[in-house]
Amino acid sequence: MTPLHSIPRFAHLQSEVDKVEGFLANINVAVWDVFLEYQETHQVVGHLGEIGVYKGKSAIVLAHHQRAGEQLWLVDIYGFMDEVKKTIDPLTTHEVRYLNQKSVMLYRSLEMLSSRRLFRWMHIDGEHTGQAVAADLALANGLLADEGIICLDDFFNPTYAQVTAATFAFLENNRFDLTLFACGHNKGYLARPTYARHYMQMIRSSLGAGLHERGFSEFTLCKTSPADDFNCWGICERFVDRDYYGLDPNPDEFC
């Protein structure tokens, strides 16, 4: 069933995304849109980047949220960049950098190095080996602003178990730099520990309503563990007909 969107802007965004071949689930389009809108309403500024672009499906979401003074960096080794450019250029009047190269080459880019701590969003969807994920996480960690988000593709996807393993290993070794604050639908969301609580509060207070406004109801937002056990939200398929599900002994309790 096609979702009924109560936000015309999002309906337009979804229609643009639907035109392009790719692997971004519609529920993730909505989740990204809520997170990015939250950043904008809370004066979180910075560049947007994506490692692994394919034909530009998820880049469309970022282009719709790009604002004056923000750059959009699109990095991919495969030969679709001309096609991506035709898709993205009509959607934004701001600066877009199209880089047809391996993400590891960005370590040699003086311009990228000068952008350290200036990105509010980084999407990692490049090579899916554990080594490549670790390298891309290290790069994104250096680029991410204090209030930014790193989104990882194929997190908890059993087809690419090494993505999840590499992520948890990186987090263990960089526990004061990044923390996992949400996951679901093959995506993991990381933020600075000092700012992650803001995103977690937003999930509790308004992500559910935001998804409904964008036409999605078949979800449950789960926080089944206390913060001192494991502090992360799950964005799940519909569960026991609830938008929010807390601790198993008391699903109305969130801590």
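Just for region 164-178: of the residues that are of a type in the set (A, V, I, L, M) and more than 15 Å from the chain's Cα centre (by Cα), which one is nearest to Arg204 (Cα to Cα)? Explain how you work it out, then say what you get.
First, pick out the residues of region 164-178 that are of a type in the set (A, V, I, L, M): 165-166, 169, 171, 178.
From the residues that got through so far, the ones that are more than 15 Å from the chain's Cα centre (by Cα) too are 165-166, 169, 171.
Values: Ala165: 27, Ala166: 28, Ala169: 27, Leu171: 23 Å.
Going through the qualifying residues, I end up with Leu171.
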Next item on the list: Filter region 153-205 down to residues that are over 22 Å from Gln131 (Cβ atoms), touching a Leu at 6+ places or on another chain (Cβ under 9 Å) and β-branched (Val, Ile, Thr), then give me how many there are.
Entry: 2
Check: Could you say which residue among Ile149, Ile77 is surrounded by 13 or more Cβ atoms within 10 Å (Cβ to Cβ) and under 27 Å from Thr194 (Cα atoms)?
Finding: Ile149
Margin query: Cβ-Cβ under 7 Å, sequence separation 6+ or interchain: first residue in region 1-20 and surrounded by fewer than 12 Cβ atoms within 10 Å (Cβ to Cβ), partner modelled with pLDDT of 95 or more. Which pairs?
Written below: Leu4/Gly215; Ser6/Glu213
Checklist line | Residue that is nearest to the chain's Cα centre (by Cα) [pool: residues in region 117-148 that are in a loop (DSSP other than H, G, I, E, B) and either in contact (Cβ under 8 Å) with a residue 60 or more places away in the chain or under 14 Å from Asn174 (Cα atoms) (or both)] | finding: Asp125
Check: What tally of residues in region 89-115 results from selecting those that are surrounded by fewer than 13 Cβ atoms within 10 Å (Cβ to Cβ) and part of a loop (DSSP other than H, G, I, E, B)?
Finding: 2
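Across region 126-146, what is the number of residues that are more than 21 Å from Thr194 (Cβ to Cβ) and either aliphatic (A, V, I, L, M) or out of contact with any helix residue (DSSP H, G or I) (no Cβ under 7 Å at 6 or more places or on another chain) (or both)? Before you say what the answer is, go through the steps one by one.
Residues of region 126-146 more than 21 Å from Thr194 (Cβ to Cβ): 126-136.
Still in the running and either aliphatic (A, V, I, L, M) or out of contact with any helix residue (DSSP H, G or I) (no Cβ under 7 Å at 6 or more places or on another chain) (or both): 127, 131-135.
Residues meeting the conditions: 6.
Yes or no, residue by residue, for (1) in contact (Cβ under 8 Å) with a residue 40 or more places away in the chain; (2) touching an Asp or Glu at 6+ places or on another chain (Cβ under 9 Å):
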{"position": "Phe35", "(1), (2)": "yes, no"}
{"position": "Glu40", "(1), (2)": "no, no"}
{"position": "Gly46", "(1), (2)": "yes, yes"}
{"position": "Glu50", "(1), (2)": "yes, yes"}
{"position": "Lys55", "(1), (2)": "no, yes"}
{"position": "Leu62", "(1), (2)": "yes, yes"}
Next item on the list: All but one of (1) in contact with a Lys or Arg (Cβ under 7 Å, 6 or more places away or on another chain); (2) at pLDDT below 95; (3) among the acidic types (Asp, Glu) hold for Glu83, so report the exception by its number.
Entry: (2)
Next item on the list: Output the residue which, of all residues in region 179-201 that are assigned to a helix (DSSP H, G or I) and within 15 Å of the chain's Cα centre (by Cα), is nearest to Gly246 (Cα to Cα).
Entry: Met200
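Looking at this structure, is Arg67 more than 27 Å from Glu16 (Cβ to Cβ), of a type outside the set (Gly, Ala, Ser) and not in a strand (DSSP E or B)?
Details: more than 27 Å from Glu16 (Cβ to Cβ): no; of a type outside the set (Gly, Ala, Ser): yes; not in a strand (DSSP E or B): yes.
No; evaluated as a whole, the condition is false for this residue.
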Check: Among the residues of region 211-233, how many are surrounded by fewer than 21 Cβ atoms within 10 Å (Cβ to Cβ) and either among the hydroxyl-bearing types (Ser, Thr, Tyr) or in contact with a helix residue (DSSP H, G or I) (Cβ under 6 Å, 6 or more places away or on another chain) (or both)?
Finding: 5
Notebook entry, point to check: Within region 221-255, restricting attention to residues that are over 22 Å from Thr179 (Cβ atoms) and outside any loop (DSSP other than H, G, I, E, B), which residue is modelled with the lowest pLDDT?
Noted result: Phe239
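The values are calculated or read from the model by the stated rules, or taken from the named source; none is laboratory data. These figures come from a predicted structure and were not determined experimentally. Glycine gets a Cβ as well: all are built from the backbone with ideal geometry, and neighbour counts include every protein chain shown.
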